[in-house]
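Below: one structure, written as structure tokens.
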Amino acid sequence: MKLQELIDDGKRQMRLCNACRYCEGYCAVWRAIEWRRDFTPNDMAYLANLCHDCRECYFACPFTPPHEFGINPPKLFNGLRDELYHQYAWPGPLAKALGGKQSSVWTVVVLTIVFTVVLALSSNTEALWQKHVGPGAFYHVMSEFAMIGLFGFLGIWMLFGWVIGAVRFWRDIKSPNSERVTFQDVKTAISYAMSLRYLGGEGAGCKEPGYEMSRSRRMFHHLIFYGFLLDFASTTLAAFYSHVLKVPAPYPLYHPVVILGALGGIGLIIGITGFLYVKNKSDQSLSDPSATKSGNAFSVSLLVIAVTGMLLLAVRETVAMGIMLMIHLGSVAALFFVAPYSKFAHFVYRFLALVRYAQEERVHAEPVHQDKSPKQPALLHGMPVSK
Ligand code: SF4
Ligand code: SF4
């Protein structure tokens, strides 16, 4: 379904849900719905990113397909999120080409191969097939200057894309009454995000294969999230050792850089494998096919980075180090390149939706609550939509 159709169907479903309100205790989405009398396209963008896809509401609902009301919030929000990542990303045409319907595991594979070949060709091709040991061994294959230049550029590209998407999204979902965001709102949103509170159906877990409540998806997502943070900490520490203390990689096995990186890599491999298994075994009628494809592509790209990182650690004192380094760096470069357009960007939008939710929660908890129903125009990042 196109964005316009999803928004129209979303408004229809949310109006029915607002009359029913059976799911009001399940997650933040349902409270945010109750605070509204009707739904603008911007509200739909906000609600879609507030949903963590636990699916509890779907299994509680008596109006799911084949009922004529056709209520299916997880699928609706799943499809909306996928379309919105491309709507908010910059530059638009590249977002459509790299993150659109074509986005799949094959996009990741092709980009990884392209980056690996380019890196290998621009490296010291003779040194690529030789054994290198000791401090600075990686720089014998690819110069420090080239490595910093390439990943510095891709890092700025990724951050720039995320910031533009975040500004556009916040402009659409922010309080129409210019309500200010407090430090406490941000703190609350961070605690919701770090605990993945709404990926647990408020404690009971998610509906999984066999339709039983399970906390496995939340646990796997935690492993991915904290595994990624450990790897990020390892890379940052390595940069500090290399450029400030002038002690270049590789480091011994007991070094904090290696310990953090290995723990992060193991967390990512277990988390992503489990997450992919649970997601793809679950009822696919609750997911948007295009969103499933791009979600799988992101998971696989992270998995390739984690596996090649661990393999690099295993073979770093052999002749295979050079080529493994190129494959690992190629997969990291591919992920950075598509980051603003891929599922990778979901944490940006989800976090901002949680900040807006924490703000609304605070305002509605105030003793004398004025009517602060949103009064946004029917626009979604400049795109006119029907009422
Ligand atoms: S999802 Fe179904 S049960 Fe829940 S509020 Fe909507 S209509 Fe009611
Ligand atoms: S988080 Fe769960 S309960 Fe809330 S809207 Fe999404 S699927 Fe439904």
Take the conditions closer than 22 Å to F169 by Cβ, over 18 Å from the mean Cα position of the chain (by Cα) and among the β-branched types (V, I, T) and apply them to I71. Does it pass? no
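Matching residues to (1) modelled with pLDDT of 95 or more; (2) part of a loop (DSSP other than H, G, I, E, B); (3) more than 9 Å from ligand 2 (Cβ to nearest atom):
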site: Q4; (1), (2), (3): no, no, yes
site: D8; (1), (2), (3): yes, no, yes
site: C23; (1), (2), (3): no, yes, no
site: L47; (1), (2), (3): yes, no, no
site: F59; (1), (2), (3): no, no, yes
site: I71; (1), (2), (3): yes, yes, yes
Residues that are closer than 30 Å to P41 by Cα and either loosely packed, with under 15 Cβ neighbours inside 10 Å or among the small types (G, A, S) (or both): does region 106-118 have at least one? no
So which of V141, V181, V133 ends up being open to solvent by less than 80 Å² (accessible area, probe 1.4 Å), under 30 Å from M324 (Cβ atoms) and β-branched (V, I, T)? V141
What tally of residues in region 124-173 results from selecting those that are out of contact with any Asp or Glu (no Cβ under 6 Å at 6 or more places or on another chain) and in a loop (DSSP other than H, G, I, E, B)? 10
Among helices (runs of 4 or more DSSP H) lying entirely in region 238-343, which contain 1 or more residues that are within 30 Å of G70 (Cα to Cα) and in contact (Cβ under 8 Å) with a residue 60 or more places away in the chain? 256-281, 289-315
Would you say D43 is within 15 Å of I7 (Cβ to Cβ), at pLDDT below 95 and more than 12 Å from ligand 2 (Cβ to nearest atom)? no
Note on region 31-44: residues over 13 Å from Y357 (Cα atoms) and either open to solvent by less than 20 Å² (accessible area, probe 1.4 Å) or without any contact (Cβ under 8 Å) to a residue 40 or more places away in the chain (or both) are D38, F39, P41, N42, M44
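The values are calculated or read from the model by the stated rules, or taken from the named source; none is laboratory data. The structure presented is a predicted model; accordingly, all values stated were derived computationally and were not measured. Using ideal geometry, Cβ is built from the backbone for each residue, glycine included, and neighbour counts are taken over all protein chains shown. Surface accessibility is based on the protein's heavy atoms, side chains included, excluding ligands, DNA and RNA. Shrake-Rupley method; radii C 1.70, N 1.55, O 1.52, S 1.80 Å.
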